[in-house]
1. Among what's in the stretch 103-152 and is assigned to a helix (DSSP H, G or I) and touching a helix residue (DSSP H, G or I) at 6+ places or on another chain (Cβ under 8 Å), pick the residue that is most open to solvent (accessible area, probe 1.4 Å).
2. Limited to the stretch 60-72, what total is found for residues that are touching a Ser or Thr at 6+ places or on another chain (Cβ under 8 Å) and modelled with pLDDT of 95 or more?
3. Quick check, is I3 touching a residue at least 24 places away in the same chain (Cβ under 8 Å), open to solvent by less than 20 Å² (accessible area, probe 1.4 Å) and among the β-branched types (V, I, T)?
4. Here is a list: E184, E158, E141, E189. Which entry is farther than 21 Å from V6 by Cα and either of a type in the set (D, E, K, R) or in contact (Cβ under 8 Å) with a residue 40 or more places away in the chain (or both)?
5. Can you pull out the residues in the stretch 53-92 that are in a loop (DSSP other than H, G, I, E, B) and surrounded by 20 or more Cβ atoms within 10 Å (Cβ to Cβ)?
6. Kindly provide the set of residues from the stretch 159-188 that are open to solvent by 50 Å² or more (accessible area, probe 1.4 Å) and on the phi > 0 side of the Ramachandran plot, ordered by number.
7. Every residue in the stretch 31-52 that is of a type outside the set (G, A, S), in contact with a Ser or Thr (Cβ under 9 Å, 6 or more places away or on another chain) and either open to solvent by less than 30 Å² (accessible area, probe 1.4 Å) or farther than 25 Å from I3 by Cα (or both), please.
Amino acid sequence: MQIKVVSLNIWLGGMLFDSALEFLRKENPDIIGIQEVCNNKNFNLLKSELGYSYASFAPALKENLKEGTAEQGNAILSKFPIIAEKTVFYDVPYDDNFIRPVADFSRVPRNLQQAVLEINGVKFNIFNTQGIWGFDGKDTERRLQMAKTIINGIKDKENVILTGDFNVNQGTKTIANIGKHLKEIFKDELVNTFNIKRKPERSGYDKAVVDRIFVGKNIKVMEHYCPQVDISDHLPLVCVLEIC
């Protein structure tokens with residue numbers, strides 16, 4: 001059996017929501033790992049318009065938006081039943097009165113989301129995360145500890161799929177440590193995972209690879225691609241997996 005998985009940082013709840021919705025409708029994935037999603041009308045539209053019967057939302061913070069107070073965090077949408085859920089924060093806990101900083105996002109709460117799916121009677125452990133922000137994509141003690149938290153979450157688990165915006169670049173110990181336990185699908189293939197149209201010139205985003213998908217070593221990757229589409233400030237990642 002083959003399934004399609006998409007990972008997407010949807011950009012502050014969906015700054016280009018209509019385009020993102022149309023892209024996801026065309027791709028028609030079985031599982032979506034979303035970061036920076038708000039639990040508001042856009043999230044409800046994703047579920048209803050795309051026909052996902054199962055959804056898990058892992059809020060990291062609550063803030064006041066123009067349309068009112070809303071929680072923001074990670075979400076997993078699935079065509080398969082979600083039978084268990086878990087959220088683990090890294091080092092900054094949930095903030096129910098979040099004040100958005102001007103430039104330094106390093107203390108924004110981040111978490112690792114887990115949803116256990118049942119696919120044809122077999123349990124799959126889907127993880128989704130947005131990593132600790134920094135002024136560059138290099139290793140820090142906090143990011144290395146983040147990798148340890150992820151490894152502790154996935155270890156001893158079968159049929160693992162990990163999606164996310166890790167906020168850490170390729171070639172770091174942080175990513176290499178995770179890669180000791182899982183296969184990184186796009187490893188060393190991508191130049192960047194940002195939509196450069198939405199980023200300042202000469203900002204370094206054109207050489208930053210922060211979005212990635214990992215899978216358990218028992219899962220076969222049949223196809224994978226990174227569409228160059230204008231649906232967020234990040235680019236989506238898409239893969240087709242052979243799972244059983």
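The values are calculated or read from the model by the stated rules, or taken from the named source; none is laboratory data. The structure presented is a predicted model; accordingly, all values stated were derived computationally and were not measured. Glycine also receives a Cβ, built like all others from the backbone with ideal geometry; neighbour counts cover every protein chain displayed. Heavy atoms of the whole protein, side chains included, go into the accessibility calculation; ligands, DNA and RNA do not. Shrake-Rupley method; radii C 1.70, N 1.55, O 1.52, S 1.80 Å.
1. Going residue by residue through the stretch 103-152, those that are assigned to a helix (DSSP H, G or I) are 141-152.
Adding the requirement that they be touching a helix residue (DSSP H, G or I) at 6+ places or on another chain (Cβ under 8 Å) leaves 143-144, 146-148, 150-151.
On the way: R143: 5, L144: 40, M146: 3, A147: 1, K148: 117, I150: 0, I151: 27 Å².
Checking each candidate, the answer is K148.
2. Residues of the stretch 60-72 touching a Ser or Thr at 6+ places or on another chain (Cβ under 8 Å): 62-63.
So of that shortlist, the ones also modelled with pLDDT of 95 or more come out as 62.
The qualifying residues number 1.
3. Details: touching a residue at least 24 places away in the same chain (Cβ under 8 Å): yes; open to solvent by less than 20 Å² (accessible area, probe 1.4 Å): yes; among the β-branched types (V, I, T): yes.
Answer is yes for this residue.
4. Working: E184 fails: farther than 21 Å from V6 by Cα; E158 fails: farther than 21 Å from V6 by Cα; E189 fails: farther than 21 Å from V6 by Cα.
Among E184, E158, E141, E189, only E141 is farther than 21 Å from V6 by Cα and either of a type in the set (D, E, K, R) or in contact (Cβ under 8 Å) with a residue 40 or more places away in the chain (or both).
5. Start the filter on the stretch 53-92 by keeping residues that are in a loop (DSSP other than H, G, I, E, B), which leaves 53, 66-67, 79-81, 90-92.
If the condition is that a residue be in a loop (DSSP other than H, G, I, E, B) and surrounded by 20 or more Cβ atoms within 10 Å (Cβ to Cβ), then Y90 is the only one that fits.
6. Within the stretch 159-188, G171, D188 qualify.
7. Taking the stretch 31-52 as the starting set, the residues that turn out to be of a type outside the set (G, A, S) are 31-32, 34-47, 49-50, 52.
Within this subset, residues satisfying the condition of being in contact with a Ser or Thr (Cβ under 9 Å, 6 or more places away or on another chain) are 31-32, 34-36, 47, 52.
If the condition is that a residue be of a type outside the set (G, A, S), in contact with a Ser or Thr (Cβ under 9 Å, 6 or more places away or on another chain) and either open to solvent by less than 30 Å² (accessible area, probe 1.4 Å) or farther than 25 Å from I3 by Cα (or both), then I31, I32, I34, Q35, E36, Y52 are the ones that fit.
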